[in-house]
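Below is one structure, written out as structure tokens; the observations come after it.
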Amino acid sequence: MSGTLKSYYNELYREYPARYGTDPLLLVQIAIKKLSRGSAVLDVAGGQGRNGLYAAEQGHDVVLYDLSSIAVEQARDEAVRRGISSFRAMQGDVIRDGIRGAYDLIICAFLLHYYSRTSGEKLLKEMQKYTVAGGYHAIAVIMTGGDFYEMDTHAADHWYFAPGELKNAYKAKGWAIAWTIELPGTSPTKKNDGSPIQNKNAFVLAQAPQGNF
């Protein structure tokens with residue numbers, strides 16, 4: 001899985017230097033406002049850096065982690081271009097390698113549908129383990145029912161979320177839901193007929209309980 005994904009995204013990012021744009025998700029903008037300046041932020045599968053670079057520009061210490069070596073190189077170059085010093089980009093497989101450190105905010109946007117529920121739950125547990133008490137998770141996922149889900153021939157083996165499932169998973173662990181929304185979204189990826197892919201997405205900003213870390 002990781003080798004195939006790495007090759008796919010290396011080719012994609014090489015062809016499109018700003019595949020998903022440069023503006024951060026609204027979810028991330030809301031999350032950043034919750035933090036004190038100089039907070040530790042981890043951007044899991046951060047791609048070309050649209051969310052992580054924004055967090056660093058707002059005065060936070062950011063580590064971006066991505067499977068694609070091309071994305072990591074592009075994110076590093078963009079940090080240099082913008083004059084951002086509080087940003088590090090690292091290449092690797094977070095599912096395989098795990099997480100180290102303690103973070104005030106962990107961002108994970110549109111990753112979990114590539115993995116099985118078992119692997120995804122393992123990653124969420126790992127992320128929760130390395131989040132400080134009162135820290136936050138900004139999570140974006142693809143839900144069932146949209147085009148991407150319908151087109152995935154291995155959807156049964158991947159973790160697509162049912163309505164309410166993401167927020168309920170956090171509430172079950174004692175996390176507070178600071179903000180959440182579920183709504184349709186358009187992917188830059190096209191169908192074979194050239195029409196845009198319409199997904200159903202869920203966004204959750206969850207806060208860790210006291211005594212979490």
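The values are calculated or read from the model by the stated rules, or taken from the named source; none is laboratory data. Please read these numbers as outputs of a predicted model, since none were measured by experiment. Heads up, the Cβs are rebuilt from the backbone with ideal geometry, glycines too, and the neighbour counts pull from every protein chain shown.
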Single match in Arg14, Arg37, Arg19 (criterion: within 26 Å of Ile177 (Cβ to Cβ) and either among the basic types (Lys, Arg) or in contact with a helix residue (DSSP H, G or I) (Cβ under 8 Å, 6 or more places away or on another chain) (or both))
Arg37
Subset of segment 74-93 [in a helix (DSSP H, G or I) and surrounded by 21 or more Cβ atoms within 10 Å (Cβ to Cβ)]:
Gln74, Ala75, Ala79
Looking at segment 63-92 only, could you name the residues that are at pLDDT below 95 and polar (S, T, N, Q)?
none
So which of Pro196, Pro163 ends up being free of Cβ contacts under 8 Å to residues at least 40 places away in the same chain and in contact with an Asp or Glu (Cβ under 8 Å, 6 or more places away or on another chain)?
Pro163
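Looking at Ala56, Ala71, can you tell me which residue is more than 22 Å from Lys6 (Cα to Cα) and assigned to a helix (DSSP H, G or I)?
Ala56
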Scanning segment 148-179 residue by residue, those hydroxyl-bearing (Ser, Thr, Tyr) and surrounded by fewer than 17 Cβ atoms within 10 Å (Cβ to Cβ) turn out to be Thr153
